[in-house]
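Asker: This structure is in structure tokens; I'll ask about it shortly.
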Amino acid sequence: MSYATMLTIALPEIVLSLGALALMLAAAWGGQAAARPVCWAALVVLIGAGIALAGPSSSGVEAFYGLYRADAFSAYSKVLIYAAAGIAILMAPRFFERTGGDNLRPEYPVLILLAAVGMGMMVSAGDLLSLYVGLELQNLAHYVLASFMRRDTRSAEAGLKYFVLSSLASGILLYGISLIYGFSGTTGFDGIADAFATANSTGLTFGLVFVLVGLAFKIAAVPFHMWTPDVYEGAPTPVTAYFASAPKVAAMALIVRVAVEAMGPVTIEWRQIVIFASLASIFFGSVAAINQKSIKRLLAYSSINNIGFALVGLAAGTPEGVSSVLVYMTVYIVMTLGSFMVVIRMRDEEGRQIETIASLSGMSKTRPGLALAFMAFMFSLAGIPPLFGFYPKLAVFNAAVAAGLFPLAVLAVVGSVIGAYYYIRIVKTMYFDDPAPAFAVSGSTVENGLIAATAIAISPVAYLAIPALTGWSMAAAQALF
Amino acid sequence: MIQAIAFYLFAIVVIAAAAMTISARNPVHSVLWLILAFFNAAGLMVLMGAEFIAMLLVIVYVGAVAVLFLFVVMMLDIDFAEFRAGFVRYLPVGLALAVLLVVEIIFYGFAVWQTDSLQLARRVAPTPESVPNIQAIGDLLYTRYLFVFEGAGLVLLVAMIGAIVLTQRQRGGTRPQNIARQNARRPWEAIRKVQPPVGQGVEL
């Protein structure tokens, strides 16, 4: 295979990197005034990368000697990642206008583009080397994004905390990678699967555990979730919304690919780890969220809870299971981005951000439209039919039952009932409590449109999209087996 | 024979220098001991036939990293007595970590012992016989691993952007030099002739 062919296969990453480099130059010369144009240009670059996915980048071939996989699975995940990254860029300008001194700088969209390159490398990884480089590329951009509001000490704290804990997790991951390399003699997923199948040993199992621990940290599965609430609370809200969506999809896709492609022959071994992380996330995410006062912390625990449900699908270890994980992540990022867009609208008369749950009281009277949308997101996150959040939960439970994991499915259903409590409590606060001071009327048509679009996407109308959604996700999942 | 002697010489000096690095009272001495340890580690690498890594150790670690340490140690006003205060308190944790690391080394030792030809044959990049290892690394780095090499380049770029974004700020009240304005300045803008009457001062 010639290099020209390889480059066309990796076209989405190339479009994103070249776009990011060009916009970096524009940012360096344009300065502060270039911030908004760079945001719009970054959106165009993301759309361009999305279009590039339609070519050989989703045809199921390998490039760069097995380092890069361009199959339906990576293409599906990349569509989600680029969409979430684009929304994170769209949310930013209005938010930074009102932070009091911390302006939107043009580096914000550039860093998101570079992180998208990293996430693309992660979901296309066919080798532990490209996995690690992609992971570090997105991580490094995320540390900077988390502490983007330099005047806000909480933002700086979030960045530092994220950096220290994430580096630790990277260290654990690297340790696992070195063990796997040492005992299998290769870093390629195919070779590792071969080693697991023919010459499994204690050393390989150790490596498997460490790699899964390192990756579990990146998706914030319990017991490796400690950083999530603090980082989500401290980071600027558009960045939090982004953290809860795109990187979650990327890390989830990565963990699925590593588990299925590299560790497929020892499904029995990793299944117990995934089941434990899944149940622990579901229960901890539900119980710990109950006492939260800040809406951002609550949504952080909600994301931990939701990752637990997605892991139920992975525990099945079948094509149906993987497809249900993809469906779950798709619906999850829509619900989460919608919720965070409502959170961005919570501002007092002076334009300061409010984050307490109490301030939502009686929002149904002061801002009925916003309250209706938020209610839809909350019910959907709780998985209550007829909203669309019900369907992915059904899909993961179905996959688990089909794989014979009845106890897991039953316990997960119990956990979802506990989780429903705190989601519904927010609806109760909005609809039945005495009104708190109304939020300032703010927001642009872009934000209104996005809230409306995400709310419609999780409404019962979305059930019409199920055949298409399952068709695509199934095709993507089949690419791994 | 001479190889064995060289190995033991280098190995002993590395370990001794490493021990001195953590036990020296003066942090500047610590850094100097560290440099000695790096040099001898490079010697060990040469003995193993990894001359590229040996040169890298000398150039990167001795030449850049250690000197940077030295600068940091000498320029930052760190109270090292305060650092040492926690020594006894954290000793149990440190010892536990040390035991863990020793167990890991033993574990690795067994692993190497048990490595058979199967695993060696599966290696994606077996050690070449005829080419020097600088050429071998170059061949792999710019062909087979080009993708991750470029990825690593982007990681460094992000690190640079991040450092600038987080630390650069517009400082008020500084007086930067403006060469164009200096050149455009004419004498009559800067000089004023006055003829003060006798007995009265000059008003500036």
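Taken together, the values in this text are just the output of simple stated rules run on the coordinates, not laboratory data. Since we're looking at a predicted model, the values are computed, not measured. Neighbour counts run over all protein chains shown; Cβ positions are idealised from the backbone, glycine included.
Asker: List the residues of the stretch A:443-481 whose backbone N lies under 12 Å from a point placed 7 Å from the Cα of A:ASN398 along the Cα-to-Cβ direction.
Answerer: The answer is A:466-471, A:474, whose backbone nitrogens lie closer than 12 Å to the label point.
Asker: Could you compute the net charge surrounding A:ALA235? Neighbours are other residues with a C-beta less than 11 Å from the C-beta of A:ALA235; K and R count +1, D and E count -1. Please report the intermediate quantities before stating the final value.
Answerer: Details: positive: A:ARG154, A:LYS161, A:LYS296; negative: A:ASP152, A:GLU157, A:ASP230, A:GLU233.
With Lys, Arg at +1 and Asp, Glu at -1, the net is -1.
Asker: To continue, here is another question. Rounded to the nearest 20 Debye, what is the dipole magnitude of the stretch A:233-356 about its Cα centre when Lys and Arg each give +1 and Asp and Glu each give -1 at the C-beta?
Answerer: Rounded to the nearest 20 debye, it is 80 debye.
Asker: Once the Cα gyration tensor of the stretch A:175-268 is found, what semi-axes does its equivalent ellipsoid get, as square roots of 5 times the eigenvalues, in whole Å, sorted largest first?
Answerer: That gives 31, 13, 10 Å for the three semi-axes.
Asker: I've got another one for you. Please compute the net charge surrounding A:ASP433, taking Lys and Arg as +1 and Asp and Glu as -1 over other residues with Cβ under 12 Å from its Cβ.
Answerer: +2
Asker: Across the stretch B:1-78, what fraction of all alpha-carbon pairs, as a whole percent, falls in each successive 5 Å bin from zero upward?
Answerer: For the stretch B:1-78, the pair-distance distribution reads 3, 17, 22, 22, 17, 10, 5, 2, 1, 0.
Asker: Quick check: convex hull of the Cα atoms in chain A, volume per residue, rounded to a whole Å³?
Answerer: So the per-residue Cα hull volume is 126 Å³.
Asker: Next question. Relative contact order of the stretch A:1-124, please, whole-number percent, based on alpha carbon pairs below 8 angstrom and at least 6 residues apart.
Answerer: Normalised by residue count, the contact order of the stretch A:1-124 is 36 percent.
Asker: Moving on to the next point. Can you give me the relative contact order of the stretch B:1-78 as a percent, contacts being Cα pairs under 8 Å and 6 or more apart?
Answerer: Answer for the stretch B:1-78 is 28 percent.
Asker: Could you work out the helix-only [θ] at 222 nm for the protein assembly as shown, with each DSSP H run of four or more residues adding -39,500 (n - 2.57) and the total divided by the number of residues, to the nearest 500 deg cm²/dmol?
Answerer: My calculation for the protein assembly as shown gives -23500 deg cm²/dmol from helical runs alone.
Asker: Counting other beta carbons within 10 Å of each Cβ, put A:LEU21, A:LEU11, A:LEU16, A:LEU46 in order, fewest first.
Answerer: A:LEU21, A:LEU11, A:LEU46, A:LEU16
Asker: Relative to the longest principal Cα axis of chain B, at what angle does helix B:87-114 sit, 0 to 90 degrees, rounded to 10?
Answerer: The answer is roughly 50 degrees.
Asker: If you don't mind, there's one more thing I want to ask. Fewest first, what order do A:PHE243, B:PHE39 take by the number of other Cβ atoms within 10 Å?
Answerer: B:PHE39, A:PHE243
Asker: When the Karplus curve 6.51 cos²θ - 1.76 cosθ + 1.60 is applied with θ = phi - 60°, which whole-Hz ³J(HN,Hα) does each residue of the stretch A:186-191 get, with x for Gly and Pro?
Answerer: Computed from phi, the couplings for the stretch A:186-191 are 8, 10, x, 4, 5, x Hz.
Asker: Can you give the FRET efficiency for A:THR153 and B:LEU101, using 1/(1 + (r/R0)^6), R0 = 41 Å, r = Cβ-Cβ distance, to the nearest 0.05?
Answerer: Result of the calculation: an efficiency of 0.70.
Asker: How high is the relative contact order of chain A, given as a whole-number percent (alpha carbon pairs under 8 Å, six or more residues apart)?
Answerer: It rounds to 15 percent for chain A.
Asker: Say the cut-off is 26 Å between C-alpha atoms; which of A:LYS293/A:LYS428; A:LYS296/A:LYS428; A:LYS393/A:LYS428; A:LYS248/A:LYS428; A:LYS296/A:LYS393; A:LYS296/A:LYS365 go over it? Display every interim value, and only then the final one.
Answerer: Numbers: A:LYS293/A:LYS428 15 Å; A:LYS296/A:LYS428 18 Å; A:LYS393/A:LYS428 23 Å; A:LYS248/A:LYS428 29 Å; A:LYS296/A:LYS393 23 Å; A:LYS296/A:LYS365 23 Å.
Beyond 26 Å: A:LYS248/A:LYS428.
Asker: In a shell of Cβ-Cβ distance under 14 Å around B:GLY138, excluding B:GLY138 itself, what net charge do Lys and Arg (+1) and Asp and Glu (-1) give?
Answerer: -1
Asker: Now a separate question. What does the extension gain come out to for A:ILE290 and A:ALA453, with contour length at 0.36 nm per residue minus their alpha carbon separation? Numbers along the way, then the final one.
Answerer: Working: separation 163, 0.36 × 163 = 58.68 nm, distance 2.87 nm.
Working it through step by step, the gained length comes to 55.8 nm.
Asker: Roughly what angle does helix B:27-47 make with the longest principal axis of chain B, taking Cα atoms, 0 to 90 degrees, to the nearest 10?
Answerer: 40
Asker: Would you pull out the residues with amide H under 5 Å of A:ARG347's amide H, same chain only if 5 or more places away, H placed 1.01 Å from N?
Answerer: When sequence neighbours closer than 5 places are left aside, the close amide H contacts are A:ILE354, A:ALA440.
Asker: Hey, rough spin-label estimate for A:ASP190 and B:THR174, points 7 angstrom out along Cα→Cβ, what's it come to in nanometres?
Answerer: 5.5
Asker: By counting other Cβ atoms within 10 Å of each Cβ, how are A:LYS293, A:LYS78, A:LYS218, A:LYS161 ranked from fewest to most?
Answerer: A:LYS293, A:LYS161, A:LYS218, A:LYS78
Asker: On a 0 to 90° scale, report how tilted helix A:246-257 is relative to the longest principal axis of chain A, with both axes built from alpha carbons and the result rounded to the nearest 10.
Answerer: 20
Asker: Also, quick follow-up: What's the Kirkwood radius of the stretch A:264-481 in Å, using all Cα pairs?
Answerer: For the stretch A:264-481, inverting the mean 1/r across all distinct Cα pairs yields 17.9 Å.
Asker: Residues with amide H under 5 Å of A:ASP127's amide H, sequence separation 5 or more or different chain, H placed in the peptide plane at 1.01 Å from N; which?
Answerer: A:PHE189
Asker: Enumerate the calculated ³J(HN,Hα) couplings along the stretch B:51-59 in order (Karplus 6.51 cos²θ - 1.76 cosθ + 1.60, θ = phi - 60°), each rounded to whole Hz, writing x wherever the residue is Gly or Pro.
Answerer: Running phi through 6.51 cos²θ - 1.76 cosθ + 1.60 with θ = phi - 60° gives 5, 5, 5, 4, 5, 4, 4, 5, 6 Hz.
Asker: Give the aspartates and glutamates whose C-alpha is closer than 14 Å to that of A:LYS161, dropping any in the same chain fewer than 8 places away, or say none.
Answerer: Qualifying aspartates and glutamates at Cα under 14 Å: A:ASP230, A:GLU233.
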